[in-house]
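So the structure is just underneath, and the comments pick up after that.
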Amino acid sequence: MKLGFFTMPIHPIGKDWRQSLREDREAFLLADELGFTEAYVGEHVTDRAENITSCIAFIAWLAAATKQLRLGTGTINMPNTHPAAVAASVAMLDHMLDGRFILGISPGGLLSDAEVFGNLDADRNAMFLEAINQVLAIWASGPPYDLQGKYWNISVSRTLIEDIGQGFIAQPLQKPHPPIVVTAVAPFSKGVTEAAARGWDPISANFLMPAWVKSHWPKYVEGCERASRAVETANWRVAKSVFVAKDAATAKAYATDPNGPYVYYYHQLFTKLKRSGRLELFKTRRDQPDDDVTLESVCDRLIIHGTPDSVADQLLAFQDEVGTFGTLLYAGKDWKDRELGRQSMILMAEQVLPRVNTNAPR
């Protein structure tokens, strides 16, 4: 198992934005120092708690400061941005990172973002597909492009001056394009199958019950087999909320504190999913009544905490439950206590991961 990092940072809404941005950046730099293999950051435009508004801009801030870490968008919400802008910005970012870039894409899950960009009532899945298809078409061709779609038309046929380079949209360094990943949040996700068939790989979200995480692997296999693609567990990434401390009492206190960053994280998600009618993600079975789903039950089931030995055992049990996956993505949280936040990542990399890999089934 490899170790990565994934954050859709959820910060206290009264916290100084400068401080939360600096701490988020510091977490990525720490991941780089600790040998994490990859790290992803999300984006939202209309949320005071999830307050990184552009994952592309944030990664650009990290590009020159990281050495080996592959950095990924987690995710670009495709319906909210013109495909030509995505193609050009991602291409530049891939060059800035010297090919260490991973393209994470999605239709976007925050409804207030959808409303502000005018697509709340639109078919955002259709917009997502058109957008990524146009991005890939831009990278696979040259001007004048002439891409006609339902939502976007892309052409420079009237303004192209080929001999001086006017009208060209940048190409990424990695060919034919950076690796593409999609975040899977639905049980038995059909999107995982379609992504696998196109050569893309899934990230199972850290706010899914284990039963729904487990449901993603057969869907991935289905897509790979349709495309005659090798099925590799190494390509499956699973995000998980983990807190590691030197002693069990500290771990439990920090991870279960009603005013702490872990419970706050799930309180935010619980409120949003309940309001949008998506509590199924927090259910242990599909016919479970909504009233049976509580914040306490969600936190108890989804937050792993303890000493390095205990966390390693819990992660091995989790892997036994959902199946073997290639990369565990440690889910970032607000650093209410900076030292405990840093220490958890250090213990995860230096003590938990070696224990997991030593005791994992071969």
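Here is the figure for the range 271-291: residues that are assigned to a helix (DSSP H, G or I), within 28 Å of G14 (Cβ to Cβ) and open to solvent by 30 Å² or more (accessible area, probe 1.4 Å) total 4.
Cβ separations smaller than 7 Å between residues 6+ apart or across chains give the following pairs from the range 259-272 residues that are among the small types (G, A, S) to residues that are open to solvent by 20 Å² or more (accessible area, probe 1.4 Å): G260/Y254; G260/K336. When T294 is tested against (1) β-branched (V, I, T); (2) in contact (Cβ under 8 Å) with a residue 12 or more places away in the chain; (3) loosely packed, with under 14 Cβ neighbours inside 10 Å, only condition (2) is not met. Selection of the range 109-120 for residues being open to solvent by 10 Å² or more (accessible area, probe 1.4 Å) and either modelled with pLDDT of 95 or more or not small (G, A, S) (or both) yields L110, L111, S112, E115, V116, F117, G118, L120. All of R342, R355, R301 fail the test of being of a type in the set (K, R), touching a Pro at 6+ places or on another chain (Cβ under 7 Å), over 15 Å from I10 (Cβ atoms) and part of a helix (DSSP H, G or I), apart from R355. Screening V181, V213 for residues that are within 27 Å of F117 (Cβ to Cβ) and crowded, with 19+ Cβ neighbours inside 10 Å leaves exactly one candidate, V181. Among the residues of the range 179-197, those identified as in contact with a Gly (Cβ under 8 Å, 6 or more places away or on another chain) and not hydroxyl-bearing (S, T, Y) are I180, V181, V182, A184, V185, V192, E194, A195, A196, A197. Residue selection: G142 fails the criterion of being in contact with a Leu (Cβ under 6 Å, 6 or more places away or on another chain) and surrounded by fewer than 18 Cβ atoms within 10 Å (Cβ to Cβ). Annotation note: of I132, I161, the sole residue that is β-branched (V, I, T) and either surrounded by fewer than 16 Cβ atoms within 10 Å (Cβ to Cβ) or more than 23 Å from S189 (Cβ to Cβ) (or both) is I161. Restricting attention to the range 331-349, the residues that are of a type in the set (D, E) and either farther than 23 Å from G72 by Cα or in contact with a Cys (Cβ under 8 Å, 6 or more places away or on another chain) (or both) add up to 2.
What is the residue count in the range 213-253 for residues that are in a strand (DSSP E or B) and not β-branched (V, I, T)? Quick ask: steps written out before the conclusion?
Looking only at the range 213-253, we keep the residues that are in a strand (DSSP E or B), and these are 237-244.
Now narrow it down to the ones that are not β-branched (V, I, T): 237, 239-241, 243.
Of the residues in the range 213-253, 5 are in a strand (DSSP E or B) and not β-branched (V, I, T).
The residue list F36, F5 contains one member that is more than 24 Å from V86 (Cα to Cα), out of contact with any Pro (no Cβ under 9 Å at 6 or more places or on another chain) and aromatic (F, W, Y), which is F36. Within the range 304-321, the residues that satisfy the criterion of being open to solvent by less than 30 Å² (accessible area, probe 1.4 Å) and in a helix (DSSP H, G or I) are P308, V311, A312, L315, L316, F318, Q319. Within the bounds of the range 245-265, is there any residue that is modelled with pLDDT of 95 or more, of a type in the set (V, I, T), open to solvent by less than 10 Å² (accessible area, probe 1.4 Å) and touching a helix residue (DSSP H, G or I) at 6+ places or on another chain (Cβ under 7 Å)? Within the range 245-265, none of the residues are modelled with pLDDT of 95 or more, of a type in the set (V, I, T), open to solvent by less than 10 Å² (accessible area, probe 1.4 Å) and touching a helix residue (DSSP H, G or I) at 6+ places or on another chain (Cβ under 7 Å). All conditions in (1) closer than 29 Å to G35 by Cβ; (2) open to solvent by less than 40 Å² (accessible area, probe 1.4 Å); (3) outside any helix (DSSP H, G or I) hold for T324, with the sole exception of (2). Considering the range 61-90 alone, what residues qualify as being assigned to a helix (DSSP H, G or I), open to solvent by less than 40 Å² (accessible area, probe 1.4 Å) and more than 15 Å from L136 (Cβ to Cβ)? Answer for the range 61-90, where residues must be assigned to a helix (DSSP H, G or I), open to solvent by less than 40 Å² (accessible area, probe 1.4 Å) and more than 15 Å from L136 (Cβ to Cβ): L62, A63, P79, N80.
The set of residues in the range 16-36 being surrounded by fewer than 16 Cβ atoms within 10 Å (Cβ to Cβ) and either modelled with pLDDT under 95 or outside any helix (DSSP H, G or I) (or both) consists of D16, G35. Residues in the range 144-170 that are over 16 Å from A131 (Cα atoms) and of a type outside the set (A, V, I, L, M, F, W, C): P144, S157, R158, T159, E162, D163, G165, Q166, G167. Within the span defined as the range 41-48, every residue fails to be crowded, with 19+ Cβ neighbours inside 10 Å, assigned to a loop (DSSP other than H, G, I, E, B), in contact with a Lys or Arg (Cβ under 7 Å, 6 or more places away or on another chain) and of a type in the set (G, A, S).
The values are calculated or read from the model by the stated rules, or taken from the named source; none is laboratory data. All figures in this text were calculated on a predicted structure; none of them were measured in a lab. Positions of Cβ are backbone-derived with ideal geometry, glycine not excepted, and every protein chain shown enters the neighbour counts. What goes into the accessible areas is simple: the full protein's heavy atoms, side chains included, and nothing from ligands, DNA or RNA. Shrake-Rupley method; radii C 1.70, N 1.55, O 1.52, S 1.80 Å.
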